[in-house]
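Reviewing the structure listed below.
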Amino acid sequence: MTDLVLDARGLVRRYGAVAAVDGADVAVPRGSIVALLGPSGCGKTTTLRLIAGLDHGEGTIDIDGVRVSGGATPVPPEARGVGLVFQEGVLFPHLDVGANVAYGLRGATRRADAERMLGLLGIAGLARRMPHELSGGEQQRAALARTLAPRPSLVLLDEPFAHLDAPLREHVRDEMLRAIADTGTSALLVTHDQAEALAIADRVIVMNRGRIHQDATPEDVYRHPVDRFTASFVGRAVLVEAQVTERGTARSRLGELSVDSAAPAGDRLAVLRPESIAVVTDGTGIAGRVVRSSFRGADRLLRIELADGTIVETLGDRDRRVGDRVRVAVRGVVATVPVGDR
Ligand code: ADP
Ligand code: MG
């Protein structure tokens, strides 16, 4: 059995008639970074607040093997061994950065311990600055230093990079993730950014409307989505009706497809990723017309309309223009998901 730092089951939080969190299981294996990924309003922050003990609902929450919610006595937030980092790092405005980080520490070495933690986040030189003298990225790193300093077993991060500009975001993110890994801390990171979740997490938990759709590695969420929502929300996908006829084969408007051999026979939806579609020039394939061509720097995303109106997408490195006639083929094995939404 995996050693779980966090094992939360059946979390429910209702606001009036609406369940913001509706039976969610959230687990974090020790030493890993787990992304809780879903669109705005799906219940991510509410889930974090339940885990932190800032809010209460139904279900059980175990942290480090201790039942902190849903047991005989709920454990208060400060005794859960959990650290929190919000969208905007909240530092005490009247204390310098070093004092902020030392705040939760005890003993004669607290100031030195705080400075070591700042060093781990690449901001050792900022200990004497006041919070308002820091940039947004520096504030986030200082906030994480303060959170990590008392050595929590789990940190909960709520969209911590959301307010940072793109070029800076990646740098701050790398520094923060490295500090989390170097201190051996486990993390549950909330994000609505699927690219970010895929890039940084060991596991991705996909959430929508208070429910968990999938909990798997980034590769599995992308390659083997369990349902329509996950297939469309994580990565680009065009979903096409497909009849799975035998193990590994399906009929579709794009001809015969090789599908995941686990797909059951019957009506399914094939998940066509841009890399599943190739423009072919040997006369084979299906005729279509380029209806959009978006230059994206390293590549070009082409939207192609087939004769029957089906739209597919592919990555092309050549200068295809809108209106160009092309032929396309499906390549590789494609995933399928059930037709009905869960
Ligand atoms: P996310 O963090 O994924 O954007 P939230 O957890 O903040 O989503 O919110 C989930 C849903 O619960 C939203 O529809 C939100 O409007 C609702 N909600 C959150 N907090 C409250 C509250 N205190 N009272 C009523 N509704 C709330
Ligand atoms: Mg939120």
Inspect the range 281-298 for any residue being basic (Lys, Arg) and either surrounded by 18 or more Cβ atoms within 10 Å (Cβ to Cβ) or closer than 16 Å to Arg223 by Cβ (or both) and give the result as yes or no. no
Within the range 225-236, how many residues turn out to be within 9 Å of Val271 (Cα to Cα) and surrounded by fewer than 19 Cβ atoms within 10 Å (Cβ to Cβ)? 1
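Sort out which residues of the range 142-169 are in contact (Cβ under 8 Å) with a residue 40 or more places away in the chain and assigned to a helix (DSSP H, G or I), and write them in order of number.
If the condition is that a residue be in contact (Cβ under 8 Å) with a residue 40 or more places away in the chain and assigned to a helix (DSSP H, G or I), then Ala142, Ala143, Leu144, Ala145, Arg146, Thr147, Leu148 are the ones that fit.
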Suppose we filter Val172, Val190, Val204 for residues that are outside any loop (DSSP other than H, G, I, E, B) and free of Cβ contacts under 8 Å to residues at least 40 places away in the same chain; which single one remains? Val172
Within the range 27-35, is there a residue that is under 26 Å from Arg211 (Cβ atoms), within 16 Å of ligand 1 (Cβ to nearest atom), of a type outside the set (Ser, Thr, Tyr) and at pLDDT 95 or above? yes
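Here is a yes/no grid of residues against (1) within 30 Å of Arg129 (Cα to Cα); (2) within 16 Å of ligand 1 (Cβ to nearest atom); (3) among the acidic types (Asp, Glu); (4) loosely packed, with under 15 Cβ neighbours inside 10 Å:
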position: Val12; (1), (2), (3), (4): no, yes, no, no
position: Ala19; (1), (2), (3), (4): no, yes, no, no
position: Leu48; (1), (2), (3), (4): no, yes, no, no
position: Ala52; (1), (2), (3), (4): yes, yes, no, no
position: His56; (1), (2), (3), (4): no, yes, no, yes
position: Ile63; (1), (2), (3), (4): no, no, no, no
position: Val82; (1), (2), (3), (4): yes, no, no, no
position: Phe92; (1), (2), (3), (4): yes, no, no, yes
position: Ala102; (1), (2), (3), (4): yes, no, no, no
Which strands (runs of 3 or more DSSP E) sit wholly inside the range 41-125 and have at least 3 residues that are of a type outside the set (A, V, I, L, M, F, W, C) and either within 28 Å of Val18 (Cα to Cα) or away from ligand 2 (no atom under 16 Å from the Cβ) (or both)? 58-63
Yes or no: the range 23-36 includes at least one residue that is within 16 Å of ligand 2 (Cβ to nearest atom), part of a loop (DSSP other than H, G, I, E, B) and surrounded by 17 or more Cβ atoms within 10 Å (Cβ to Cβ). no
What is the number of the single condition among (1) within 20 Å of Phe161 (Cα to Cα); (2) at pLDDT below 95; (3) surrounded by fewer than 20 Cβ atoms within 10 Å (Cβ to Cβ) that Ser40 does not meet? (2)
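The values are calculated or read from the model by the stated rules, or taken from the named source; none is laboratory data. What you see is a predicted model, and the numbers here were worked out from it, not measured in a lab. For neighbour counting, all protein chains shown are included, and Cβ atoms are generated from backbone atoms with ideal geometry for every residue, glycine included.
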